[in-house]
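> Below is a structure I'd like to ask you about.
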Amino acid sequence: MKYGYIRVSTQDQNIDRQLADMYNLGLDNSKIFIDKQSGKNFDRPQYQAMKNILQSGDLLIIKSIDRLGRNYDMIIEEWKDLVNHQKIDIVVI
């Protein structure tokens, strides 16, 4: 299954560009998870909901690596967990 994750840092920021990219890759709203909050940690409601449904072999699509988080070390650890432990493939567009 293919899923998309979108994050902006504040409620006021626009998600349209990221959303358009997800639509262009064939995703619909039921497969796109959106958080409008800081990337300081992974305690984001939609991110956690997405992680709970991801299964081995699924594909996660993100616009850019910084959409996962804002701290490089934290992003690398999360990436390793998704890829190595959950066996999720990730595409950064």
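The values are calculated or read from the model by the stated rules, or taken from the named source; none is laboratory data. All of these numbers come straight from a predicted model, not from anything done at the bench. Backbone-built Cβ (ideal geometry, glycine too); neighbour counts: all protein chains shown. SASA here: full protein model, heavy atoms, side chains in, ligands and nucleic acids out. Shrake-Rupley method; radii C 1.70, N 1.55, O 1.52, S 1.80 Å.
> Name the single residue, out of those in region 9-20 being out of contact with any helix residue (DSSP H, G or I) (no Cβ under 8 Å at 6 or more places or on another chain) and not hydrophobic (A, V, I, L, M, F, W, C), that is surrounded by the most Cβ atoms within 10 Å (Cβ to Cβ).
So, considering only residues that are out of contact with any helix residue (DSSP H, G or I) (no Cβ under 8 Å at 6 or more places or on another chain) and not hydrophobic (A, V, I, L, M, F, W, C), the one surrounded by the most Cβ atoms within 10 Å (Cβ to Cβ) is 9.
> Among the numbered conditions (1) outside any strand (DSSP E or B); (2) touching a strand residue (DSSP E or B) at 6+ places or on another chain (Cβ under 6 Å); (3) under 14 Å from residue 93 (Cβ atoms), tell me where residue 19 comes up short.
(2)
> Suppose we filter 66, 73, 89 for residues that are open to solvent by 50 Å² or more (accessible area, probe 1.4 Å), modelled with pLDDT under 95, farther than 17 Å from residue 7 by Cβ and of a type outside the set (Phe, Trp, Tyr); which single one remains?
Values: 66 fails: farther than 17 Å from residue 7 by Cβ; 89 fails: modelled with pLDDT under 95.
Matching residue, one of 66, 73, 89: 73.
> Is at least one residue of region 21-37 crowded, with 17+ Cβ neighbours inside 10 Å, in contact with a Pro (Cβ under 8 Å, 6 or more places away or on another chain) and of a type in the set (Asp, Glu)?
Scanning region 21-37, I find at least one residue that is crowded, with 17+ Cβ neighbours inside 10 Å, in contact with a Pro (Cβ under 8 Å, 6 or more places away or on another chain) and of a type in the set (Asp, Glu), so the answer is yes.
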